[in-house]
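These notes concern the structure reproduced below.
The values are calculated or read from the model by the stated rules, or taken from the named source; none is laboratory data. Treat the numbers as computed from the prediction; the structure is a model and nothing was measured. Virtual Cβ from ideal backbone geometry, glycine too; neighbours counted across all protein chains shown. Side chains are part of the model used for accessible areas, which takes the heavy atoms of the whole protein and leaves out ligands, DNA and RNA. Shrake-Rupley method; radii C 1.70, N 1.55, O 1.52, S 1.80 Å.
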Amino acid sequence: MAKGYDQHMERKNKVNSFGKELTRRAKSKCELCEATGVSLSIFEVPPVKEEPEVERCIFICDECRDKLERIRKAKENDFRFLSNSMWSEVDMVRALSIVLLKEMSKKYSWAEVILDDLYIDEPTEELIQTIELE
């Protein structure tokens, strides 16, 4: 049991070491909803790899984390901010936003309309294919 705990703590420390880089990249705001002045934390975009990668991490607020944990129960306006984050210069933020929009488009027409007007380049499409939510 101690070995598993040690591995978990080592991995957690590696992920936490990305904090400064993510703070600079995000300019201290949520990379999804752009909230400022709120607590931010590192979110590893699933599936989580054995060795953490900063490229698969985004810096998000607690509210966005809660929404990501209950995507299937999302209300119509919970993810409206994706219309901005889908244009992010950060590859993983853009790809995750598009994946979330695709999920929202199953229930809400506003997301479908946004996706209809979106061009997805090949590198972004490849990144989208690596994301597995729930």
Pairing a residue in the stretch 27-39 that is without any contact (Cβ under 8 Å) to a residue 60 or more places away in the chain and within 15 Å of D78 (Cα to Cα) with any residue that is open to solvent by 80 Å² or more (accessible area, probe 1.4 Å) and of a type in the set (S, T, N, Q), where Cβ atoms lie under 7 Å and the two sit 6 or more apart in sequence or on different chains, gives E34/N84
Which residues, counting only those in the stretch 1-26, are part of a loop (DSSP other than H, G, I, E, B) and within 16 Å of the chain's Cα centre (by Cα)? F18
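Each row is one residue, and each column tells you yes or no for (1) open to solvent by less than 10 Å² (accessible area, probe 1.4 Å); (2) free of Cβ contacts under 8 Å to residues at least 60 places away in the same chain; (3) assigned to a helix (DSSP H, G or I); (4) within 15 Å of C30 (Cα to Cα).
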site	(1), (2), (3), (4)
P47	no, no, no, no
I58	yes, yes, no, yes
R65	no, yes, yes, yes
K75	no, yes, no, no
R94	no, yes, yes, yes
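From the list S109, S39, S28, which one is in contact with a Ser or Thr (Cβ under 9 Å, 6 or more places away or on another chain) and open to solvent by less than 90 Å² (accessible area, probe 1.4 Å)?
Details: S109 fails: in contact with a Ser or Thr (Cβ under 9 Å, 6 or more places away or on another chain); S39 fails: in contact with a Ser or Thr (Cβ under 9 Å, 6 or more places away or on another chain).
Sole residue among the options that is in contact with a Ser or Thr (Cβ under 9 Å, 6 or more places away or on another chain) and open to solvent by less than 90 Å² (accessible area, probe 1.4 Å): S28.
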In the stretch 8-42, anything in contact with a Pro (Cβ under 6 Å, 6 or more places away or on another chain) and of a type outside the set (D, E, K, R) is listed as V15
Among (1) open to solvent by 30 Å² or more (accessible area, probe 1.4 Å); (2) under 21 Å from E125 (Cβ atoms); (3) in contact with a strand residue (DSSP E or B) (Cβ under 9 Å, 6 or more places away or on another chain); (4) touching a residue at least 12 places away in the same chain (Cβ under 8 Å), there is one condition E53 misses while meeting the rest; what is its number? (4)
Mind counting the residues in the stretch 114-131 that are under 13 Å from K102 (Cβ atoms), modelled with pLDDT under 95 and open to solvent by 40 Å² or more (accessible area, probe 1.4 Å)? 2
